[in-house]
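Following: one structure in structure tokens, then a few remarks.
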Ligand SMILES: Cc1cc2nc3c(=O)[nH]c(=O)nc-3n(C[C@H](O)[C@H](O)[C@H](O)COP(=O)(O)OP(=O)(O)OC[C@H]3O[C@@H](n4cnc5c(N)ncnc54)[C@H](O)[C@@H]3O)c2cc1C
Ligand code: SF4
Ligand code: SF4
């Protein structure tokens with residue numbers, strides 16, 4: 001007797017043309033019998049926003065720029081920002097790494113697509129709903145939430161302590177990495193979509209949470225992490241010692257402080273590296289970055305550290321500040337002590353020093369980039385504990401059901417894409433809360449997605465990554481953007497490296513009902529049916 005598993009064999013009748021499929025998932029969504037599943041490509045799984053990277057790269061490789069751009073924009077309207085300064089977790093997961101050690105340039109390709117865009121478009125706003133939402137903090141997290149909530153029809157007021165929206169995109173990240181015109185262009189959805197922006201309002205001073213609670217149906221707190229951390233050593237309040245956010249903000253406001261010839265930046269993260277490169281552009285002759293971490297442990301993006309070194313920034317790894325040296329009343333240098341370990345026996349960050357091994361470093365200006373913490377001014381004490389603001393990790397709802405949180409405000413500094421993703425998740429929770437729906441529904445498991453699978457890499461050939469052109473070091477004057485972007489030919493060639501890892505597949509019995517085949521926008525799916533049935 002022949003042993004046929006009818007269920008398995010029936011699922012074999014779904015044919016996918018791999019050349020055409022861009023893993024959009026439409027077929028999976030419309031399958032009446034819940035037969036199809038979408039293997040989510042590793043890049044898409046790693047993107048906190050769940051962006052269909054495979055899809056836009058495939059479309060780009062086919063020269064279909066508009067459709068590729070649409071794929072980016074249907075997730076978030078900030079492709080130009082993310083295409084420049086995203087931390088690119090997608091690339092760390094890319095299957096290409098297994099073939100030739102270099103991921104597809106997923107982020108740079110997103111930038112290419114969004115750079116093709118003439119005018120930023122705005123999605124239509126659903127019919128206006130009566131519920132009002134207040135968002136405090138107009139950084140990446142608050143902006144993403146405002147975008148979605150307004151798109152779904154809610155009335156949104158966005159408050160910020162600054163006169164303009166953007167958060168650290170506007171006030172900290174330097175223009176040589178993220179030009180002002182890109183931020184302004186992508187934030188221009190605020191007014192035409194009908195979001196009210198109210199600047200110069202500080203929660204805890206000009207705004208009271210209990211008054212907001214009375215006026216609005218829900219509140220999102222997305223105030224970032226702007227509280228200053230202190231070293232606790234004498235001299236750190238000197239005029240020549242700048243907290244990094246103050247320093248970067250003054251530069252972005254075109255009110256740069258004089259930096260002198262020798263600048264020392266303390267810290268090993270992105271803010272420290274950006275500040276060091278900024279100081280160089282302001283005319284400092286010698287810029288030293290002092291990091292507790294060893295080079296490979298530095299939290300800054302490795303590509304930013306390399307770029308800073310190319311620009312002549314000297315990095316001293318494994319040292320921490322012991323004391324500031326003063327000349328008269330002004331800082332003239334720092335004594336550094338050797339850092340021998342970063343964590344205690346329980347794995348907590350608690351640097352250990354060899355107090356006797358020291359070096360002296362001269363400095364006219366010192367920039368402290370040693371981390372920021374969220375500020376809880378204006379918040380009821382029931383909303384936070386010793387570890388910061390309290391919230392449900394899935395819904396981002398606080399112990400007060402009307403109040404939600406997102407971004408760096410939860411637990412301290414993260415990344416832009418994580419902030420945007422949390423803004424989007426908080427918006428979804430707020431929508432459900434306001435409509436009386438279950439906040440958890442469908443959010444805990446992968447539902448129609450298959451996450452554990454091995455992409456078929458058997459036919460992949462080695463092909464090196466095409467690096468994006470950038471300004472040569474002598475050309476990096478002022479705050480001109482360093483990364484220049486791909487030409488169309490380069491972008492298409494880089495997109496062709498993608499191995500198209502994700503794909504829909506049949507799970508159990510197919511009943512030939514056909515919506516998958518009919519709805520596939522790419523005509524990539526074909527259901528094989530017995531002749532007489534079709
Ligand atoms: C120099 C620097 C470079 C960085 N580079 C990168 C990078 O390349 N890639 C990356 O992914 N991440 C980077 N980051 C981190 C990234 O910018 C943050 O993770 C991200 O901006 C967090 O978004 P957010 O919306 O939570 O907070 P924020 O961007 O900090 O926005 C918070 C907003 O709340 C407002 N606010 C604060 N307090 C109040 C109050 N009391 N009342 C009213 N409004 C208030 C602020 O004015 C601000 O607009 C960098 C950070 C720094 C400092
Ligand atoms: S090869 Fe393509 S689909 Fe696969 S993980 Fe990399 S970018 Fe994504
Ligand atoms: S087969 Fe068609 S509908 Fe299904 S994921 Fe591929 S492109 Fe999308």
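Highest-first packing order for the peptide set 267-277, 212-222 is 267-277, 212-222, based on the mean count of other beta carbon atoms within 10 Å.
Measuring how big the stretch 329-423 is from its alpha-carbon positions, Rg and Dmax come out at 19.1, 54 Å. With R₀ fixed at 41 Å, the C-beta to C-beta distance from residue 126 to residue 205 puts the FRET efficiency at about 0.75.
Debye-formula intensities of the chain, expressed as log10 I(q)/I(0) at q = 0.09, 0.11 Å⁻¹, are -0.75, -1.08 (one equal scatterer per alpha-carbon, no solvent).
Separation of the stretch 370-411 and the stretch 228-303 by C-alpha centroid, Å? Comparing the Cα centres of the stretch 370-411 and the stretch 228-303, I get a distance of 28 Å. In the stretch 23-91, the C-alpha radius of gyration followed by the widest Cα-Cα span (Dmax) gives 13.0, 42 angstrom.
Size of the stretch 229-371 from its Cα atoms: along the principal axes, largest to smallest, the extents are 45, 39, 24 Å. In this structure, residue 314 and residue 377 have a Cβ-Cβ separation that, at R0 = 45 Å, corresponds to a calculated FRET efficiency of about 0.75. Descending by average beta-carbon neighbour count within 10 Å, the peptides 248-257, 361-370 line up as 361-370, 248-257, the highest first. Of interest is the spacing of the C-alpha centroids, which for the stretch 448-489 and the stretch 166-227 amounts to 31 Å.
The mean sequence separation of alpha-carbon pairs under 8 Å and at least six residues apart, normalised by the residue count of the stretch 229-371, gives a relative contact order of 30 percent.
Extending 7 Å from Cα along the Cβ direction at residue 198 and again at residue 340 yields two label points whose distance is 5.6 nm. Fully extending the segment from residue 496 to residue 457, taken as 0.36 nm per residue of separation minus the present Cα-Cα distance, adds 12.6 nm. At q = 0.10, 0.16, 0.17 Å⁻¹, work out log10 I(q)/I(0) for the stretch 135-268 with the Debye formula, treating every Cα as an identical point scatterer and leaving solvent out; two decimals please. Those come out to -0.41, -0.90, -0.98, one per q. For the Cα trace of the stretch 262-320, dividing Rg by the Kirkwood Rh returns an Rg/Rh value of 0.92.
Kirkwood hydrodynamic radius, computed over distinct alpha-carbon pairs, for the stretch 196-264: how many Å, to one decimal? List each step's numbers first, then the result.
Values: mean 1/r = 0.0638 Å⁻¹.
One decimal place: 15.7 Å for the Kirkwood radius.
Values quoted throughout were computed directly from the atomic coordinates according to the rules given, and no laboratory measurement underlies them. The model shown is predicted, which means the values in this text are computed figures rather than measured ones. Counting neighbours? That spans all protein chains shown, and the Cβs are built from the backbone with ideal geometry, glycine included.
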